[in-house]
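The values are calculated or read from the model by the stated rules, or taken from the named source; none is laboratory data. Here the structure is a predicted model, which is why all the values come from computation and not from measurement. Here the Cβ positions follow ideal geometry from the backbone for every residue, glycine too, while neighbour counts run over all protein chains shown. Protein only, heavy atoms only, side chains kept; ligands, DNA and RNA dropped before computing areas. Shrake-Rupley method; radii C 1.70, N 1.55, O 1.52, S 1.80 Å.
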Amino acid sequence: MLLAQRLPLYFRLVRLDKPIGTVLLLWPTLSALWIASDGRPEPWMVVIFTLGTFLMRSAGCAINDYADRDFDKFVKRTKERPITSGRIRAWEALAVAATLALVSFLLILPLNALTKGLSIPALFVAGTYPFTKRFLAIPQAYLGVAFGFGIPMAFAAVQDQVPMLAWLLLLSNVFWSVAYDTEYAMVDRDDDLKIGIKTSAITFGRFDVTAIMICYAAALGIQAGVGVWLGFGWPFWLGMAVAASFAVYHYFLIRGRERMPCFAAFRHNNWLGAAVFAGIAGHYLLSARG
């Protein structure tokens, strides 16, 4: 098969047709970049972190499909993925992931040594996450670290240090990731039980909805604490109020534990993350005008 004919398969492999994963990484990264720079990030840094987020999420998808190639065939939602369906080979997924990771590293070459150093554990966490579903009871927490590593890297790039504030924001991201990825896992729970892999939806059991809402509360509570610490103004609190209302909306979607409403709640987290970022950006914009 010619390369031009394989490109659509590679696009599906890295989820170019499903950008939700990219934006779930991007909002916390941009929030951290705005906070680290007091609302005045260098445009070229915004470009680097935006493109890097896209590339690393895409590489993570390729690694995920490689790791799950023997499991996905048993899951209704994933059995037609390019590797599982046999349309591309496993080594091709590894090659795609390696290429994307290399390009992502080239992007950060203009940044300081600390940022480049942090890229190593970031790559390790992103590459190993798919395998944690075999032994971790809540692999979504590990995903939260993988999805949030742009936070300490943003602080490192701007301040040449990673303060406690960055780790608090990363912790908030872990709670948020557990919340939204448990909603995602609820969609496949029946299939995952048959396969024998571990997810938070299985671990939480009948307390899944309660656990999700607790994680939302923890994530937003930490964000609120950061807002108090930094003396954020009303735009931030408006954004937080909107984000909290979205979390409540998700409760009404997932309380029946039906597949499609749970998937809708997962996808809607894009707007929750956007609301938090808008509040942060709005605070700095108002402060600059004041």
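Taking region 1-56 as the range and being closer than 21 Å to residue 236 by Cα, more than 22 Å from the chain's Cα centre (by Cα) and without any contact (Cβ under 8 Å) to a residue 40 or more places away in the chain as the test, no residue passes. Picking from residues in region 87-120 that are under 24 Å from residue 32 (Cα atoms) and among the polar types (S, T, N, Q), the one that is surrounded by the fewest Cβ atoms within 10 Å (Cβ to Cβ) is 112. Restricting 192, 160 to those that are touching a Leu at 6+ places or on another chain (Cβ under 7 Å) and touching a residue at least 24 places away in the same chain (Cβ under 8 Å) reduces the list to 160. Among residues of region 244-257 that are without any contact (Cβ under 8 Å) to a residue 12 or more places away in the chain, those with a beta-carbon under 9 Å from a residue that is aromatic (Phe, Trp, Tyr) and assigned to a helix (DSSP H, G or I) at least six positions away or on a different chain give the pairs 248/216. Here is the figure for region 63-81: residues that are more than 21 Å from residue 22 (Cβ to Cβ) and either basic (Lys, Arg) or open to solvent by 60 Å² or more (accessible area, probe 1.4 Å) (or both) total 7. Answer yes or no as to whether residue 123 is open to solvent by 40 Å² or more (accessible area, probe 1.4 Å), among the aliphatic types (A, V, I, L, M) and in a loop (DSSP other than H, G, I, E, B). No; evaluated as a whole, the condition is false for this residue. State whether the residues of region 50-62 include one that is surrounded by 13 or more Cβ atoms within 10 Å (Cβ to Cβ), farther than 22 Å from residue 173 by Cβ and modelled with pLDDT of 90 or more. Yes, because at least one residue in region 50-62 is surrounded by 13 or more Cβ atoms within 10 Å (Cβ to Cβ), farther than 22 Å from residue 173 by Cβ and modelled with pLDDT of 90 or more.
A single entry from 132, 84, 128 fulfils the requirement of being out of contact with any Cys (no Cβ under 8 Å at 6 or more places or on another chain), modelled with pLDDT under 95 and open to solvent by less than 10 Å² (accessible area, probe 1.4 Å): 132. Between 146, 166, 154, the distinction of being at pLDDT below 95, within 17 Å of the chain's Cα centre (by Cα) and closer than 24 Å to residue 126 by Cβ belongs to 146 only.
Among (1) part of a helix (DSSP H, G or I); (2) more than 30 Å from residue 37 (Cα to Cα), there is one condition residue 137 misses while meeting the rest; what is its number? In the conditions (1) part of a helix (DSSP H, G or I); (2) more than 30 Å from residue 37 (Cα to Cα), residue 137 misses (1) alone.
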